[in-house]
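The values are calculated or read from the model by the stated rules, or taken from the named source; none is laboratory data. All values reported here derive from a predicted model rather than from experimental measurement. Note: ideal-geometry Cβ built from the backbone for every residue, glycine included; neighbour counts use all protein chains shown.
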Amino acid sequence: MGRKLLTEHINVEGIDTFEVYRKHGGYRSVEKAVKTMTPDEVVEEVKKSGLRGRGGAGFPTGLKWSFLAKPEGVPRYLVCNADESEPGTFKDRQLMSKLPHLLIEGMITSSYALGANTSYIYIRGELLYVLRILEKAIAEAYAAGFLGKNILGSGYDLDLYVHPGGGAYICGEETALLESLEGKRGNPRNKPPFPAVQGLYARPTVVNNVESIAAVPVIVNDGGDEYAKIGVGKSTGTKLISACGHLNKPGIYEIELGVPVEEFIYSDEYCGGIWKGRDLKAVVAGGSSVPILPKELILKTAAGENRLMTYESLSDGGFVTGTMLGSGGFIAMDETTCIVRNTWNFSRFYHHESCGQCSPCREGTGWLEKILHRLEHGHGNERDIDVLASVAKQIEGNTICPLGEAAAWPVSAAIRHFRDEFEWHVRYPQEATRPGAVFPGKAVLA
Amino acid sequence: MESTTAPVKPQFSEAAKAEIDRICKQYPEERRKSAMLPVLHIAQAEFGGWVAPEVQDLVAEVLGVKPIEVYEVSTFYTMFNLKPVGKHVLEICRTGPCQLRGSDELTLELERITGAKVGGGPSADGLFTLKEVECLAACGFAPVVQVREKYYEQLDTEASVNAMLSELRTMVHRPALPWEEKGLPNAIANN
């Protein structure tokens with residue numbers, strides 16, 4: 001059983017209250033930071049920890065913090081990205097609703113490190129009930145002297161607010177999130193300037209994912225070096241994996257980075273295997289935007305090594321034979337799954353969520369959805385598969401924000417690994433579109 | 001409280017006004033527009049589950065912005081309903097992980113039981129509007145439906161679907177929000 005750095009107490013009765021959370025060692029990192037450490041020393045510990053952004057990009061958090069501009073007399077902000085919307089990902093919702101004080105503690109300690117006196121948690125609008133939980137917990141933290149003026153007599157002031165979105169995946173992109181927080185449409189901004197220089201209200205801003213912020217207390221308490229001892233190589237610490245799809249035990253698992261993928265899927269400690277006694281067909285390992293891999297490539301790399309749940313191992317082989325850890329949204333598909341249908345579903349998602357600013361994304365996602373719809377419904381032709389691949393390629397790299405790539409990658413990967421199944425839809429539309437149809441294997445195409 | 005025809009000049013309740021004041025203080029004074037989304041959520045809860053043009057004008061007035069600044073936001077974010085809705089809006093997640101665990105079948109079943117169609121108007125009895133939405137971040141508990149602030153999860157059995165619908169059918173007031181003493185009457189049932 002791996003160590004649980006974030007979720008050890010998640011099932012303790014009343015852990016969502018200040019009192020119980022505090023009794024279990026809560027808010028120690030705030031005391032330690034504001035009383036015994038300088039802000040730069042906190043940043044240093046986070047750098048040493050090797051913590052990488054848990055929202056999906058995996059960029060080192062400490063490094064991101066060190067880029068924050070600090071012009072004299074200009075307020076700066078910490079904004080927590082709680083706009084969890086990447087299909088397959090549901091860890092932040094669980095963490096915030098069950099352990100609201102962990103996020104709040106992380107926000108206070110991190111805000112101190114960055115010199116922010118006002119911080120926001122931007123939570124997706126669908127999670128208004130979690131916003132209520134957070135606001136209640138924040139009120140308790142104010143009452144206990146951990147928020148507000150002169151926190152614990154240290155002279156440090158911090159106000160913390162929760163702000164709801166309105167239903168838009170794109171607001172998970174950090175500059176779209178900031179636009180949204182300013183009361184506007186969630187259109188991503190051109191970069192540079194980066195938020196570290198001109199973010200919220202054109203002031204220096206750091207935007208971090210919920211899980212990244214939630215890891216800060218343990219890093220400050222135990223030291224960055226201790227945290228870095230967990231994991232493998234540059235994948236340090238623990239990661240919350242949202243396991244879903246055709247698994248016996250879907251749910252949130254906090255794993256030490258480095259668990260073999262095979263163990264994660266099949267062991268009873270984790271997902272307990274594939275439901276209904278079926279075989280595994282494919283996995284999308286890091287949220288809907290990362291490349292799908294067939295069973296043989298998710299369990300083992302192309303070189304035949306065991307695939308591990310780490311940033312490096314999952315991306316071994318690049319996009320030819322690998323994928324990404326991403327947000328840790330782990331979607332398993334059994335042998336009866338139609339890959340064309342699933343790809344169409346994801347393309348419909350990205351088309352729906354494109355903000356419309358950049359034509360390659362606005363138009364391209366529409367074409368992807370349309371062509372995939374046609375293939376899935378038995379009206380495709382042989383050329384469609386190549387057109388799909390070509391449209392995906394032309395979206396990639398040609399948009400302001402990464403939604404373009406997020407829309408293109410799943411399509412490119414599905415064709416790369418499951419081209420036979422697409423061809424089956426073209427050549428045998430009646431069989432392929434029968435309700436409950438299962439691709440019989442490439443022999444049918446011979 | 002009317003819902004299908006919003007009053008010509010709607011007004012927020014005193015409780016909602018106080019809540020809006022509290023929210024606006026969270027942002028720098030010259031950045032009152034930041035309260036746009038939270039205030040739109042309050043407006044939708046106050047005025048029968050949707051935001052009529054008059055309601056959006058009221059939001060503009062309260063925030064001190066031009067009405068167009070509200071319209072461009074309300075049409076961008078999917079949570080704001082721009083047409084009258086039934087007493088309960090069932091937001092059915094249709095994205096991949098839910099689809100893998102039966103959301104397509106769930107949608108058909110809900111259409112059959114309620115008589116409403118996804119993307120169409122309320123059911124004949126005015127109780128239900130069906131709306132398909134994208135990922136609700138509850139993929140491990142699929143399939144999922146959201147009604148107002150509540151998630152109904154693992155709706156993969158007849159019993160779970162029936163339990164949700166009968167809970168909603170008997171609900172006279174929507175659940176109270178933290179700044180309210182009591183939830184408002186569920187709009188259409190009150191007509």
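Give the range A:372-400 a look and list any residue that's buried (at least 22 other Cβ atoms within 10 Å of the Cβ) and within 25 Å of the chain's Cα centre (by Cα), or say none.
A:A392, A:I395, A:T399
Kindly establish whether A:R348 is in contact (Cβ under 8 Å) with a residue 12 or more places away in the chain and either within 17 Å of A:G245 (Cβ to Cβ) or not in a helix (DSSP H, G or I) (or both).
The answer is no for A:R348.
So which residues in the range A:197-216 are touching a Ser or Thr at 6+ places or on another chain (Cβ under 7 Å) and either among the charged types (D, E, K, R) or in a loop (DSSP other than H, G, I, E, B) (or both), if there are any at all?
The one that is touching a Ser or Thr at 6+ places or on another chain (Cβ under 7 Å) and either among the charged types (D, E, K, R) or in a loop (DSSP other than H, G, I, E, B) (or both): A:G199.
Looking at A:I252, A:I219, A:I265 in this structure, which one is over 30 Å from B:E29 (Cα atoms), assigned to a helix (DSSP H, G or I) and outside the structural domain of A:L51 (by TED's automatic domain parsing)? Steps first, please.
Details: A:I252 fails: assigned to a helix (DSSP H, G or I); A:I219 fails: outside the structural domain of A:L51 (by TED's automatic domain parsing).
Every option except A:I265 fails the conditions.
Scan the range A:303-343 residue by residue and report those that are within 14 Å of chain B (Cβ to nearest Cβ), polar (S, T, N, Q) and surrounded by fewer than 18 Cβ atoms within 10 Å (Cβ to Cβ).
A:T336
Looking only at residues in the range B:150-183 that are aliphatic (A, V, I, L, M) and surrounded by 15 or more Cβ atoms within 10 Å (Cβ to Cβ), which one is nearest to B:A18 (Cα to Cα)? Talk me through it step by step, then tell me what you get.
First pass over the range B:150-183, keeping only residues aliphatic (A, V, I, L, M): B:155, B:159, B:161, B:163-165, B:168, B:171-172, B:176-177.
Next, only the ones that are surrounded by 15 or more Cβ atoms within 10 Å (Cβ to Cβ) stay: B:155, B:161, B:164-165, B:168, B:171, B:177.
Working: B:L155: 37, B:V161: 37, B:M164: 33, B:L165: 33, B:L168: 29, B:M171: 26, B:L177: 13 Å.
In this case the residue turns out to be B:L177.
Whether any residue in the range B:63-75 is in a loop (DSSP other than H, G, I, E, B) and out of contact with any helix residue (DSSP H, G or I) (no Cβ under 9 Å at 6 or more places or on another chain) is what I want to check.
Within the range B:63-75, one or more residues are in a loop (DSSP other than H, G, I, E, B) and out of contact with any helix residue (DSSP H, G or I) (no Cβ under 9 Å at 6 or more places or on another chain).
Restricted to the range B:78-109, and to residues that are among the aliphatic types (A, V, I, L, M) and within 23 Å of A:H246 (Cα to Cα), which residue is farthest from the other protein chains (Cβ to nearest Cβ)? Let's see the steps before the verdict.
Here is the first cut: in the range B:78-109, the residues among the aliphatic types (A, V, I, L, M) are B:79, B:82, B:85, B:89-90, B:92, B:100, B:106, B:108.
So of that shortlist, the ones also within 23 Å of A:H246 (Cα to Cα) come out as B:92, B:100, B:106, B:108.
Numbers: B:I92: 13, B:L100: 5, B:L106: 14, B:L108: 12 Å.
Only one residue tops the list, namely B:L106.
If I ask for residues that are in contact with a strand residue (DSSP E or B) (Cβ under 7 Å, 6 or more places away or on another chain), aliphatic (A, V, I, L, M) and within 14 Å of chain B (Cβ to nearest Cβ), which ones from the range A:188-204 would you list? Talk me through it step by step, then tell me what you get.
Of the residues in the range A:188-204, the ones in contact with a strand residue (DSSP E or B) (Cβ under 7 Å, 6 or more places away or on another chain) are A:195-196, A:199-200, A:203.
Subset that is aliphatic (A, V, I, L, M): A:196, A:200.
Within the range A:188-204, just A:L200 meets the criteria.
Would you call A:V207 crowded, with 24+ Cβ neighbours inside 10 Å, in contact (Cβ under 8 Å) with a residue 40 or more places away in the chain, more than 14 Å from every other protein chain (Cβ to nearest Cβ) and of a type in the set (A, V, I, L, M, F, W, C)?
So A:V207 fits the description; yes.
Pick out the one residue from A:I252, A:I213 that is out of contact with any Asp or Glu (no Cβ under 8 Å at 6 or more places or on another chain), within 14 Å of chain B (Cβ to nearest Cβ) and crowded, with 18+ Cβ neighbours inside 10 Å.
A:I252
Consider B:T107 carefully, then state whether it is surrounded by fewer than 24 Cβ atoms within 10 Å (Cβ to Cβ) and at pLDDT 95 or above.
On the way: surrounded by fewer than 24 Cβ atoms within 10 Å (Cβ to Cβ): yes; at pLDDT 95 or above: yes.
Criteria met by B:T107.
Please determine, by comparing only the residues of the range B:57-69 that are more than 9 Å from every other protein chain (Cβ to nearest Cβ) and either surrounded by 23 or more Cβ atoms within 10 Å (Cβ to Cβ) or under 21 Å from A:C171 (Cα atoms) (or both), which one is farthest from the chain's Cα centre (by Cα).
B:I68
Just to be sure before I move on: is B:E111 assigned to a loop (DSSP other than H, G, I, E, B) and not assigned by TED's automatic domain parsing to the domain that holds B:Q44 in the structure I sent? Give the steps one after another, and end with the answer.
Details: assigned to a loop (DSSP other than H, G, I, E, B): no; not assigned by TED's automatic domain parsing to the domain that holds B:Q44: yes.
No; evaluated as a whole, the condition is false for this residue.
To keep it simple, each residue is scored yes or no on (1) out of contact with any Asp or Glu (no Cβ under 9 Å at 6 or more places or on another chain); (2) part of a helix (DSSP H, G or I).
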{"position": "B:A18", "(1), (2)": "yes, yes"}
{"position": "B:I42", "(1), (2)": "no, yes"}
{"position": "B:Q56", "(1), (2)": "yes, yes"}
{"position": "B:F80", "(1), (2)": "yes, no"}
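Which of (1) more than 10 Å from chain B (Cβ to nearest Cβ); (2) touching a residue at least 60 places away in the same chain (Cβ under 8 Å); (3) surrounded by fewer than 24 Cβ atoms within 10 Å (Cβ to Cβ) does A:R185 not meet, given it meets every other one?
Unmet for A:R185, out of (1) more than 10 Å from chain B (Cβ to nearest Cβ); (2) touching a residue at least 60 places away in the same chain (Cβ under 8 Å); (3) surrounded by fewer than 24 Cβ atoms within 10 Å (Cβ to Cβ): (1).
Could you say whether any residue in the range A:43-51 is free of Cβ contacts under 8 Å to residues at least 24 places away in the same chain, closer than 15 Å to A:S110 by Cα and out of contact with any strand residue (DSSP E or B) (no Cβ under 8 Å at 6 or more places or on another chain)?
No, because not a single residue in the range A:43-51 is free of Cβ contacts under 8 Å to residues at least 24 places away in the same chain, closer than 15 Å to A:S110 by Cα and out of contact with any strand residue (DSSP E or B) (no Cβ under 8 Å at 6 or more places or on another chain).
Please note which helices (runs of 4 or more DSSP H) are completely contained in the range A:58-156 and include at least 3 residues that are under 30 Å from A:F346 (Cβ atoms).
Once the helices (runs of 4 or more DSSP H) in the range A:58-156 are filtered for at least 3 residues that are under 30 Å from A:F346 (Cβ atoms), what remains is A:91-98, A:128-143.
Table: residues versus (1) touching a Cys at 6+ places or on another chain (Cβ under 6 Å); (2) part of a loop (DSSP other than H, G, I, E, B); (3) crowded, with 20+ Cβ neighbours inside 10 Å.
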residue: A:L6; (1), (2), (3): no, yes, yes
residue: A:I10; (1), (2), (3): no, yes, no
residue: A:G14; (1), (2), (3): no, yes, no
residue: A:R22; (1), (2), (3): no, no, no
residue: A:G26; (1), (2), (3): no, yes, yes
residue: A:K32; (1), (2), (3): no, no, no
residue: A:V43; (1), (2), (3): no, no, yes
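Identify the residue in the range A:56-74 that is at pLDDT 95 or above, surrounded by 15 or more Cβ atoms within 10 Å (Cβ to Cβ) and in contact with a strand residue (DSSP E or B) (Cβ under 7 Å, 6 or more places away or on another chain) and, among all such residues, is farthest from A:V197 (Cα to Cα).
The qualifying residue farthest from A:V197 (Cα to Cα) is A:P60.
Given the criteria over 16 Å from A:G223 (Cβ atoms), within 27 Å of the chain's Cα centre (by Cα) and surrounded by 21 or more Cβ atoms within 10 Å (Cβ to Cβ), does A:G50 qualify?
no
Would you mind telling me which numbered condition in (1) more than 8 Å from chain A (Cβ to nearest Cβ); (2) of a type outside the set (A, V, I, L, M); (3) surrounded by fewer than 22 Cβ atoms within 10 Å (Cβ to Cβ) B:P28 fails?
(1)
Residues to consider are A:L280, A:L247; find the one that is buried (at least 21 other Cβ atoms within 10 Å of the Cβ), more than 23 Å from the chain's Cα centre (by Cα) and either within 14 Å of chain B (Cβ to nearest Cβ) or touching a residue at least 60 places away in the same chain (Cβ under 8 Å) (or both).
Just a single option satisfies the conditions, and that option is A:L280.
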